[in-house]
Amino acid sequence: MPTISKLKAREVLDSRGRPTVEVEAHTSSGAWGRAIVPSGASTGRHEAVELRDGDCDRHLGRGVMRAVRHVTEELGPVVIGIDVDDQSAIDVAMIAHDGTPSKGRLGANALLGVSLAAAHAAAAVHGEELFVHLNRLWRERLDPGEPADPVLPMPMINMISGGLHAGANLDFQDFLYMPISAHSFAQALEKTACVYHTLGGILKEKGHEAHLVGDEGGYGPRLRTNAQAVDRILETALACGLEIGRDFAIALDVAATHFHESGTNTYHLSATGEEALDAAGMTSLLEHWVKQYPIISIEDGLAEDDWEGWTILTNRLGKSVQLIGDDLFATQAERLLIGVERHAANAILIKLNQIGTLSETLDVLHLARRNGYRTIVSARSGETEDTTIADLAVATAAGQIKIGAVTRSERLAKYNRLLRIEDYLGSKARFADREMLGFA
Ligand code: PGA
Ligand code: ZN
């Protein structure tokens, strides 16, 4: 089997115009693969470390030349000669060489670049689509009889952005649309694109700034309240002739860590003014939202270390609502196991760069599956033309994917990749529809 023969790395720019790491992994057969690492803005405290240069003369200190050098000078000598098909051996060798729990010595951005480029190279060696190769890696983890076939994911699509992703005044980070009546990925995208454009018109009509968009392409209007964002989406869907709850549902990414004060363990929403909420208060607020609106999914409804709060939230809402841990779990097996033990959340967001290697990401996906947690593969707010997550979601039958709005090419690259995969699979294509996902 061909081995890794050479690594190349360079600094490129992401969708926010910030530097990120691109890696090319070459093999002894001549086949090679390339990957680009994404970057978050509302990053959690428990994420693997993204190494930045801190040199203010370049890119306001955000350069990644140290990570780039680590790819060729530190990781190259470690992975060269390893069978390119042996993803675990590649990742284990890099983790050991970094030697820190956070991957902070060499940078998770350096490790992930190599890890993903190696997977692309292995797919190229076999002359296979990436999702076929990733599905093989996935099957290695499954017990006999566990479902193993690729499945196209249900998208949750960003309509309105707030929080740290948009300059306006909304506390909640994402107001997302889920086309739950769709029977294929193409249909899901088609239905949602229409709603997205109509929403732009409605915002404009009501005097809001429909031309302002957040980092992920969602509209970033200056609305008075969080609730208004949902109201505008509902009005739009109705104007499109869609039926609430039957054709579509709403998902929220509250990203509560960014308005949580850890000293007092309280939540500070602009809507409640001076009055801070504790976890029980936040839970009541979210419960009220769920009663009022067709919300089927809430991400980071509480802060990343508020385990006690998460247990309250999950006990109160977990039977009827998907509760996703993003900052809470940071795609880490250890944190997911704490969640399982404490009955915190019932779904996990999967971001490759929160953990830093492909193998560990596949392991967390499998751990979640085994423990009955739903899985949502996710892009970051800083993205590029790299489409690896589309293949990852299909290969592992993750069920759901969160990429951003249906505009901006760094988002569309992934949506279009999913359309392509659905097309390649033809009559074999299966889509994670409402029934498969178990949404009531
Ligand atoms: P991030 O946002 O990439 O800025 O962390 C995505 C999310 O919070 O889901
Ligand atoms: Zn999030």
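Filtering A166, A122, A118 for residues that are among the small types (G, A, S), buried (at least 22 other Cβ atoms within 10 Å of the Cβ) and farther than 22 Å from L418 by Cα leaves a single hit, A166. Might you check whether a residue that is more than 16 Å from ligand 2 (Cβ to nearest atom), closer than 27 Å to E334 by Cα and charged (D, E, K, R) occurs anywhere in segment 103-123? Yes. Residues that are within 25 Å of the chain's Cα centre (by Cα), assigned to a loop (DSSP other than H, G, I, E, B) and surrounded by 22 or more Cβ atoms within 10 Å (Cβ to Cβ) within segment 211-234 comprise G214, D215, E216, G217, G218, G220, P221, listed in sequence order. Being under 26 Å from L223 (Cα atoms), out of contact with any Leu (no Cβ under 6 Å at 6 or more places or on another chain) and modelled with pLDDT under 95 holds for only one residue in A255, A249, A271, A303, and it is A271.
Enumerate the pairs (first residue in segment 37-63 and more than 16 Å from K103 (Cα to Cα) and aliphatic (A, V, I, L, M); second residue anywhere and within 16 Å of ligand 2 (Cβ to nearest atom) and part of a loop (DSSP other than H, G, I, E, B)) with beta-carbon separation below 6 Å, excluding pairs fewer than 6 apart on the same chain, so at least 6 apart or on different chains. Cβ pairs passing all conditions: A41/S381. Applying the criterion of being away from ligand 1 (no atom under 12 Å from the Cβ) and under 22 Å from A117 (Cβ atoms) to the residues of segment 372-388, the residue that is farthest from the chain's Cα centre (by Cα) is E385. Count of segment 15-39 residues, restricted to those that are part of a loop (DSSP other than H, G, I, E, B) and either of a type in the set (F, W, Y) or surrounded by 22 or more Cβ atoms within 10 Å (Cβ to Cβ) (or both), is 3.
For (1) at negative phi; (2) among the β-branched types (V, I, T), each residue gets a yes or a no:
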position: E209; (1), (2): yes, no
position: R232; (1), (2): yes, no
position: G241; (1), (2): no, no
position: F248; (1), (2): yes, no
position: T264; (1), (2): yes, yes
position: E287; (1), (2): yes, no
position: Q292; (1), (2): yes, no
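Only one of the numbered conditions (1) touching a Gly at 6+ places or on another chain (Cβ under 7 Å); (2) surrounded by fewer than 24 Cβ atoms within 10 Å (Cβ to Cβ); (3) under 22 Å from I350 (Cβ atoms) is not met by A279, and that is (3). From the list L358, L352, L328, L362, the one residue that fits, being farther than 24 Å from A279 by Cβ and either within 16 Å of ligand 1 (Cβ to nearest atom) or assigned by TED's automatic domain parsing to the domain that holds S42 (or both), is L352.
Summed over segment 24-48, the residues that are among the aliphatic types (A, V, I, L, M) and closer than 13 Å to L7 by Cβ give a count of 2. In segment 289-308, the residues that are touching a residue at least 24 places away in the same chain (Cβ under 8 Å) reach residues that are part of a loop (DSSP other than H, G, I, E, B) and aromatic (F, W, Y) with C-beta atoms within less than 6 angstrom, at least six apart or across chains, in these pairs: I296/F439. What do you reckon, is V195 under 24 Å from the mean Cα position of the chain (by Cα) and free of Cβ contacts under 8 Å to residues at least 60 places away in the same chain? Answer is yes for this residue.
Across segment 292-307, which residue is nearest to ligand 1 (Cβ to nearest atom) among those that are within 22 Å of M178 (Cα to Cα) and outside any loop (DSSP other than H, G, I, E, B)? Give the derivation first.
To start, the set of residues in segment 292-307 that are within 22 Å of M178 (Cα to Cα) comprises 292-302.
Going one step further and asking which of them are outside any loop (DSSP other than H, G, I, E, B), we end up with 292, 295-299.
Numbers: Q292: 23, I295: 16, I296: 17, S297: 12, I298: 12, E299: 6 Å.
Within segment 292-307, the match that is nearest to ligand 1 (Cβ to nearest atom) is E299.
Here T257 meets each of (1) outside any loop (DSSP other than H, G, I, E, B); (2) within 16 Å of ligand 2 (Cβ to nearest atom); (3) in contact with a strand residue (DSSP E or B) (Cβ under 6 Å, 6 or more places away or on another chain); (4) of a type outside the set (K, R) with one exception, condition (3).
The values are calculated or read from the model by the stated rules, or taken from the named source; none is laboratory data. Since this is a predicted model, take the numbers as computed values, not measurements. All Cβ positions, even for glycine, are placed from backbone atoms using ideal geometry, and neighbour counts span all protein chains on display.
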